[in-house]
Amino acid sequence: MTQTAVHFGAGNIGRGFIGLALHEAGYDLVFSDVNAELVDALNAADSYAVHEVGAEARTHTVDRFRAVNSATNEADAVAAVAGADIATCAVGAGVLKFIAPVIREGLRERAADAPKLVVLACENAINATDTLRDFVLDGAPELADRAIFANTAVDRIIPAVHAEGLDVVVEDFSEWAIERGPFAGAEPSIPDAHFVDDLAPYIRRKLFTVNTGHATAAYWGSLAGEESIASALGNAKVREEVDAVLAETSELLIAQFGFGKDEHAAYVARTIQRFENPELPDTPTRIGRQPLRKLSRHERFIEPAFDLATRGLEHGALLRAVGAALQFRSDDDEQSQELGRLLETLEPEQVVAQVMGVEPGEVLHDELVEVVRGVDEA
Ligand SMILES: NC(=O)c1ccc[n+]([C@@H]2O[C@H](COP(=O)([O-])OP(=O)(O)OC[C@H]3O[C@@H](n4cnc5c(N)ncnc54)[C@H](O)[C@@H]3O)[C@@H](O)[C@H]2O)c1
Ligand SMILES: O=P(O)(O)OC[C@@H](O)[C@@H](O)[C@H](O)[C@H](O)CO
């Protein structure tokens, strides 16, 4: 019998990676989104294309999908979850709380004898599925045994490309790691994903290499007036800062997880090559989006800087990158505007506590206050 997957968030990663991977695994897809134009376009189309660019360029076609608008037709989205085998999402970590009620009601409506729903959050955040699970089960703990919640790490650079309708341009690299434990030996078959016993090394290596390096290139690149990530990497000052943050996070990741030095150096070199892909139309504006999220405690700058400081290791380049991030402004990015207002109205100590989640007396606090003060005075 055909299996069905509901995917929340039919955006770049939704169409260009998770939707594609589930399609290639044989699932029929239901995209759930709140963007009416996108939902209508998906329902009007028979298929869309995923163009991989890079050394191994090729095009995939995704079909056998429909879309529901969970903002205007929540009952349809709930029914889709109730009848699905897998529910995935790529909506942004801050949106998990808004999709949770739909999944909760879907679990409630699920037939008593149905197999458990596999729930996988595919966001750039540590243990995003656990966060989603806590929202889903809030006030409804009895639904816990109707689902399998597994954390994942997803990696594929997908810029926002609106020119060709639903088609997506993606890099020719991807990795989707899913924790194995919650499946108790009955993992679903998804050829483009791999199951791992311990997700921590995968998600932390990804976030603190790909995303730390990416954000560093975006914030320094933006200050340097670079319009693409590839050109930012070609700017000597930006490249120096990217290399410096990755040297710091490399030391941490090797110390924390025991990666071999050569193995990790190869991972970093490949990451830089991915950023430099000239066929990927990616921008500092997309990579720098939502700086308040990116400056929060367990995100790509503060978490590794905190862990390095705790170990007495060098973290100056991460602090400089925080300084660059504090200066990021984009008319299209509400968080960057809010960041500007916070810097104008709060004392540096309040910025560090409220935005970065580091309290007085904690390691890194005083250094971060100096970084904020330096930006205020500039
Ligand atoms: N693009 C990438 O390169 C990439 C790679 C790995 C991980 N990610 C992560 O994937 C997530 C999505 O990123 P993206 O680049 O695809 O963003 P995107 O903006 O292209 O897509 C997000 C989609 O979620 C939809 N959405 C918002 N609120 C919703 C709701 N309540 N219910 C259903 N849908 C909703 C939006 O309308 C949009 O279509 C983020 O967490 C991001 O960090 C992105
Ligand atoms: O999606 P964000 O905003 O957390 O980060 C922006 C990019 O760094 C990110 O989308 C990468 O392209 C992606 O994480 C690569 O796997």
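Somewhere in the range 151-167, is a residue buried (at least 22 other Cβ atoms within 10 Å of the Cβ) and among the small types (G, A, S)?
Yes, the range 151-167 contains at least one residue that is buried (at least 22 other Cβ atoms within 10 Å of the Cβ) and among the small types (G, A, S).
So the check is Cβ under 7 Å with 6+ separation or different chains; which pairs have a first residue in the range 238-249 that's of a type in the set (G, A, S) and a second one that's at pLDDT 95 or above?
A244/A317
Here are some conditions: (1) out of contact with any Gly (no Cβ under 7 Å at 6 or more places or on another chain); (2) under 30 Å from Q327 (Cα atoms). S189 meets all but one. Which one does it not meet?
(2)
For (1) surrounded by fewer than 22 Cβ atoms within 10 Å (Cβ to Cβ); (2) closer than 25 Å to A125 by Cβ; (3) out of contact with any Cys (no Cβ under 8 Å at 6 or more places or on another chain); (4) not aliphatic (A, V, I, L, M), each residue gets a yes or a no:
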residue	(1), (2), (3), (4)
T209	no, yes, yes, yes
A218	no, yes, yes, no
N235	yes, no, yes, yes
L246	no, yes, yes, no
Q256	yes, yes, yes, yes
R270	yes, yes, yes, yes
R286	yes, yes, yes, yes
P291	no, yes, yes, yes
K294	no, yes, yes, yes
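Among the residues of the range 88-115, how many are away from ligand 2 (no atom under 16 Å from the Cβ) and either under 16 Å from N127 (Cα atoms) or open to solvent by 10 Å² or more (accessible area, probe 1.4 Å) (or both)?
Residues of the range 88-115 away from ligand 2 (no atom under 16 Å from the Cβ): 97-115.
Then drop every residue that is not either under 16 Å from N127 (Cα atoms) or open to solvent by 10 Å² or more (accessible area, probe 1.4 Å) (or both), which leaves 97-101, 104-105, 108-115.
The total comes to 15.
For the range 96-103, does any single residue satisfy the condition of being more than 9 Å from ligand 1 (Cβ to nearest atom), small (G, A, S), over 24 Å from the mean Cα position of the chain (by Cα) and in a helix (DSSP H, G or I)?
no
Enumerate the pairs (first residue in the range 8-19 and farther than 15 Å from T129 by Cβ; second residue anywhere and near ligand 1 (Cβ under 6 Å from one of its atoms) and part of a helix (DSSP H, G or I)) with beta-carbon separation below 6 Å, excluding pairs fewer than 6 apart on the same chain, so at least 6 apart or on different chains.
A10/L38
If we scan the range 72-87, do we find a residue that is assigned to a helix (DSSP H, G or I), closer than 17 Å to D138 by Cβ and within 19 Å of the chain's Cα centre (by Cα)? Please lay out each step first, then the result.
Looking only at the range 72-87, we keep the residues that are assigned to a helix (DSSP H, G or I), and these are 74-82.
Narrowing the set further to residues that are closer than 17 Å to D138 by Cβ leaves 78, 81.
Next, only the ones that are within 19 Å of the chain's Cα centre (by Cα) stay: none.
Within the range 72-87, none of the residues are assigned to a helix (DSSP H, G or I), closer than 17 Å to D138 by Cβ and within 19 Å of the chain's Cα centre (by Cα).
Does E123 qualify as being at pLDDT 95 or above and among the acidic types (D, E)? So that I can check it myself, show each step before the final result.
On the way: at pLDDT 95 or above: yes; among the acidic types (D, E): yes.
Answer is yes for this residue.
One line per residue, one yes/no per condition, for (1) farther than 28 Å from K116 by Cα; (2) within 14 Å of ligand 1 (Cβ to nearest atom); (3) open to solvent by 20 Å² or more (accessible area, probe 1.4 Å):
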| site | (1), (2), (3) |
| --- | --- |
| F8 | no, yes, no |
| G19 | no, yes, no |
| E37 | yes, yes, yes |
| A49 | yes, no, no |
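The values are calculated or read from the model by the stated rules, or taken from the named source; none is laboratory data. Since the structure is predicted, the reported quantities are computational estimates derived from the model, not experimental observations. Note that we place each Cβ from the backbone using ideal geometry, even for glycine, and neighbour counts take in every protein chain shown. In case anyone asks, the SASA skips ligands and DNA or RNA and just uses the protein heavy atoms, side chains included. Shrake-Rupley method; radii C 1.70, N 1.55, O 1.52, S 1.80 Å.
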